[in-house]
Amino acid sequence: MPRQVNRQIFCPRLVMWSGAASVGLYKETEVGRPTMDGLNFACIEEDERLSLEKEFTKEEVFQVLMEMEGDKAPGPNGFTMAFFHKCWSVVEKDVMDFFVFFHRHSVFERSLNTSFLTLIPKKCNAVNIKDFRPISLVGSVYKLLSKVLANRLRVVLDKLISETQNSFIGGRQILDSVLIANECLDSRLNSRIPGLVCKLDIEKAFDHVNWEALFYLLGRMGFGLKWRGWIKACVASVRFSVLVNGSLEGFFGSSRGLRQGDPLSLLLFLLIMKVLSRLLKRTEECNLIRGFHVGAVNSVGVHISHLLFADDTILFCDASREQLLSIKLVLSCFQVFTGLKVNVGKSEIVPVGEVNNLEVLANILHCRVGKLPMKYLGMPLGTSFKSASIWNPILEKMEKKLSGWKRLYLSKGGRLMLIKSTLSSLPTYFLSLFTIPKAVAARLERIQRNFLWGSSEGSFKYPLVAWENVCLPIEMGGLGLRSVVAFNKALLGKWLWRYGHEVSHLWRRVISAKYGEGQGGWCTKVCRRTHRCGLWRSINDGWENFSKHLSFVVGEGTRIRFWLDRWIGDNNLKNLYPELYVCSAVKDAYISEVLWIPEGGTARVWNLRFYRAFEDWELAAYYSLLQLIQTRIPRGERRDTLCWRLKGDGNFDTRSYYLAIQSAANSLFPWKGIWKPKIPKRVAVFLWTAAHGRILTLDNLMIKGRPLANWCCMCCRDGESVDHLLLHCPVTHSLWSSMLQAFGILWVMPGSVAGLLSCWYQWFGKLNSDIWNLVPGCLMWIVWLERNRCSFEDKEKTLDELKILSHRSLLEWSRCWGFTDCSSLSEFMSSLSLIA
Ligand SMILES: [Zn+2]
């Protein structure tokens, strides 16, 4: 829901605005725009054109429907998607009739395409109308149509838009742009040649798109008449009404612009932005602008002159008047062609290195002068990831969320939940690109650790369990908190994986040009040079660890080395047959080089070469090798690829890598007995600490150096240890006995808390253990509370009181989850014996 807008201030302006909008924002003012005949655009193929225009199928529509979320704000007819989900069988025919009619006649009832315009404030205390972003709430049926068309368009789009134009489609990601921008800038800074970065803001980008230009462009790109008719029907039949505090103001049509909120809009917008990309490319080809060069000096390398992400545009060029004039010309042409204008007030040029005539240059574009570091797509550009300034906001956010007062009122279980939610809101996109410096990670951990164990400036509390153990997954005996360092490494692993696969992607070409390809092209060469704002070197540092989990799937065999790479089983042939490896003629030969097609044959056979004949004692190894590889002659039909060994399907995912990094597995830890029963969270955390043997009993305090007499205050006989207190102390023991008696069970107490928890869970089988599973948490918690009362308050309960107390707690917890209907304690206790 949009935030409530103060009606009193707003009404006159809004009415004015919807008036202005009806003539200004969505109304085309220019007539007779020039066309773009001189520019070349990629074209779709005939079969693609046909598949775009094929009949709509029930399956296609249904699939789109199921992908849409039910609870998004509804459009003018008030039906949410949830309605269509629920009532599909009833409305199916009507909806499909609509699709068939649309397919045939390229029109639909105009009222289906009315939109509510809701105004979303772009910042706090938005007052001016410019501070609001108009988002369209489109009707459900139209949305369905638009999404179906968008899905079809998406298939052909990747080919049409250029590679410098990243977006949410295909494999192109927002982070690619940020990585490329940082690496380009880094190269430029190192070259010491002055340059300029221009960040452009396109004014009301979506709302100002010229329709004629769009339809013309669709034609140029080879889209058929029918398809263009459909797009025209979708874009040009819109009627708007502005939504203010839930009621409607005005009603007007439009003659330009794409609606933000319509699934088709983003894709159509990308096509429009292709024009800018094309114009810039053309200018670059004519040597009128020169982008930043990446790669060794005097090498061809890669030049990057612009990066577009949706309407975010950034340009790189030399600090020259002529080049800026060319850019200005390009932007004017772009405006004339498409109706999209650069908002000079919000654009900036940023000098790279020593630029002398900066003011003069800025005046050419009439924009302001910025400085490095700057922000690009919400990420830092032009600063080292090691600089504190980029991490401070994250640390502050964490500190603010876990600030002092909350801790006082939360149990350890509650604190754990709060840390988890705070951690999960840490900016993942940030950690997916920037390597977190050690000092920052240590501070993040300190904040969490102090919060969990309750330390603050005034009072120190012991961390009961080592932080590495806390950060293990629950199944491995941890609390399942995320270790920031390991998580960061796992996220960066994704780049290393993509590097091996996305051979033709722009980002990879930039990285390869700059750092050089390693053997086989699976990684880059190791780089020792210091970097200013380059990010790759530190990502690549993870390769050694990452590659341990890789194996190779041989196709052509041109990128995989016969002896050195792991392509059969878990080891490479060099390690399996060291005595043969030393005799091999070419030690780093690729697999394709040790295969050949014999004369007259069609299939490849092995052709290993050794520099000497084998001695008798080496023959066994030689035959064994031949036997091993005999059946594994690669067919050579596909490309060589990587296989991620930690997952069944061979594809990388960050979760499996994260677990591997955190691999100190302790599979014997009784995590199920702690986290599965329906006991309160604070009790579960207590059990977890006890199972690690780390609750603050007197013996543990003595280990930490407190001079104390070790004496159990419950039985006043033995020394106090975790296992004594919770299991073997005579007082505790009789509590256990009374409970076991109620269940009618004879039980031999195991030696340790962990031992008890691991054999207790689900003792009566899956169906009957609900109440039983609660018992350890219930009893140990009561004993712990009583023990603390004894030592700190000097109040004692009698054994009978404790028994009643434990029975009552068990009843309450069981009732809370509906495990029992009994209301009286005696009734409940006698019902327990029936379970067995
Ligand atoms: Zn005792």
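Counting pairs of Cα atoms in segment 684-816, how many percent are more than 24 Å apart? Value for segment 684-816: 27 percent of Cα pairs lie more than 24 Å apart.
Around G301, what is the net charge, scoring Lys/Arg as +1 and Asp/Glu as -1 over all other residues with Cβ under 10 Å from its Cβ?
Charge balance in the 10 Å sphere: +2.
PRE reach from R290 (point 7 Å along Cα→Cβ): which of segment 339-364 fall under 17 Å by backbone N? From segment 339-364, the list is 352-356. If only the Cβ of Lys and Arg carry +1 and only the Cβ of Asp and Glu carry -1, the dipole of segment 545-696 around its Cα centre is close to 1340 debye. Measuring between their Cα centroids, segment 618-644 and segment 337-370 lie 59 Å from each other.
With one equal scatterer per alpha carbon and no solvent term, the Debye-computed log10 I(q)/I(0) for segment 354-476 at 0.11, 0.13, 0.21 1/Å reads -0.53, -0.66, -1.27. Evaluated at q = 0.15, 0.18, 0.22 Å⁻¹, a Debye calculation over the C-alpha positions of segment 672-761 (equal weights, vacuum) places log10 I(q)/I(0) at -0.64, -0.89, -1.20. Dipole orientation for the chain: of the candidates A319, L431, G777, A319 has the Cα lying most toward the positive pole (charges on Cβ; Lys, Arg +1; Asp, Glu -1).
Taking R0 as 25 Å, what's the FRET efficiency between Y622 and T558 from their Cβ-Cβ distance, rounded to 0.05? Can you show the working numbers first?
Working: r = 26 Å, r/R0 = 1.02.
Plugging the Cβ-Cβ distance into 1/(1 + (r/R0)^6) gives 0.45.
Extending 7 Å from Cα along the Cβ direction at H303 and again at R632 yields two label points whose distance is 4.7 nm. Largest first, the extents of the alpha carbon coordinates of segment 511-652 on the three principal axes equal 57, 32, 31 Å.
Structural descriptor for the chain: relative contact order 10 percent, calculated from alpha carbon pairs under 8 angstrom and at least 6 residues apart. Between the residues W644, L626, I661, the greatest Cα displacement towards the positive end of the dipole of segment 569-676, with unit charges on the Cβ of Lys, Arg, Asp and Glu, is found for I661.
Taking every alpha-carbon pair in segment 746-836 and binning the separations at 5 Å intervals from zero gives 2, 12, 20, 22, 20, 14, 7, 2, 0 percent.
Counting 0.36 nm for each residue step from V336 to D588 and taking away their Cα separation leaves a gain of 84.9 nm. Determine the shape class of segment 523-565: with a ≥ b ≥ c the square roots of the Cα gyration tensor eigenvalues, call it rounded for a/c under 1.5, and otherwise prolate if a/b is greater than b/c, oblate otherwise. Here segment 523-565 falls in the prolate category.
Taking 2.2 N^0.38 Å as the expected size of a compact globular protein, what ratio does the Cα radius of gyration of segment 443-565 give against it, to two decimals? Intermediate values should be presented prior to the final figure.
Working: Rg = 20.0 Å, N = 123, 2.2 N^0.38 = 13.7 Å.
Expressed relative to 2.2 N^0.38 Å, the Cα Rg reads 1.46.
Round to the nearest 0.05 the FRET efficiency obtained for D570 and A613 when R0 = 25 Å and r is the Cβ-Cβ distance. If you can, show how the numbers build up before the last one.
Numbers: r = 31 Å, r/R0 = 1.22.
In this case the efficiency is close to 0.25.
A full extension of the chain between K672 and S547 corresponds to an added length of 41.7 nm, given 0.36 nm per residue minus the alpha carbon distance. Note on D770, D588, D176: ascending count of other Cβ atoms within 10 Å places them as D588, D770, D176, the fewest first.
Tell me whether segment 322-426 comes out rounded, prolate or oblate; compute the Cα gyration tensor, take square roots of the eigenvalues as a ≥ b ≥ c, and use a/c under 1.5 as the rounded threshold. Prolate, since a/c reaches 1.5 and a/b exceeds b/c. Percentage of Cα-Cα pair distances in segment 587-670 greater than 20 Å, rounded to whole percent? I get 61 percent for the Cα pairs in segment 587-670 exceeding 20 Å. Taking a sphere under 15 Å around the Cβ of G569 and counting the other residues whose Cβ falls inside, with K and R at +1 and D and E at -1, yields a net charge of +3. Legend: Rg and Dmax of the chain, from Cα coordinates, 34.3, 100 Å.
Remark: spin-label model distance R529-K226 equals 5.5 nm, labels positioned 7 Å along the Cα→Cβ axis. Spin-label model, A42/L785: points 7 Å from Cα along the beta carbon direction are separated by 6.7 nm.
If we count other beta carbons within 10 Å of each Cβ, what is the order of M829, M398, M702, fewest first? Write out the running numbers ahead of the final one.
On the way: M829 18, M398 21, M702 15.
Final ranking by Cβ density, sparse to dense: M702, M829, M398.
Straight-line cross-link partners of K204 among the aspartates and glutamates, defined as a Cα under 15 Å from its Cα and at least 8 positions apart when in the same chain: E28, D131, D311, D312. With q set to 0.16, 0.21 Å⁻¹, the log10 of I(q)/I(0) for segment 470-536, from the Debye formula over equal scatterers at the Cα positions, is -0.67, -0.87. Under a model in which nothing but the beta-carbon of Lys, Arg (+1) and Asp, Glu (-1) is charged, the chain shows a dipole of about 1800 debye around its Cα centre. Counted residue by residue at 0.36 nm each, then reduced by the alpha carbon distance between them, the extension gain from A126 to D97 reaches 6.0 nm.
Placing unit charges on the Cβ atoms only, positive for Lys and Arg and negative for Asp and Glu, gives segment 630-692 a dipole magnitude near 240 debye about its Cα centre.
Read-outs throughout are calculated quantities, based only on the coordinates presented, and are distinct from any laboratory measurement. All values derive from a computational prediction rather than experimental measurement. Positions of Cβ are generated from backbone atoms using ideal geometry, with glycine treated the same way; all protein chains shown enter the neighbour counts.
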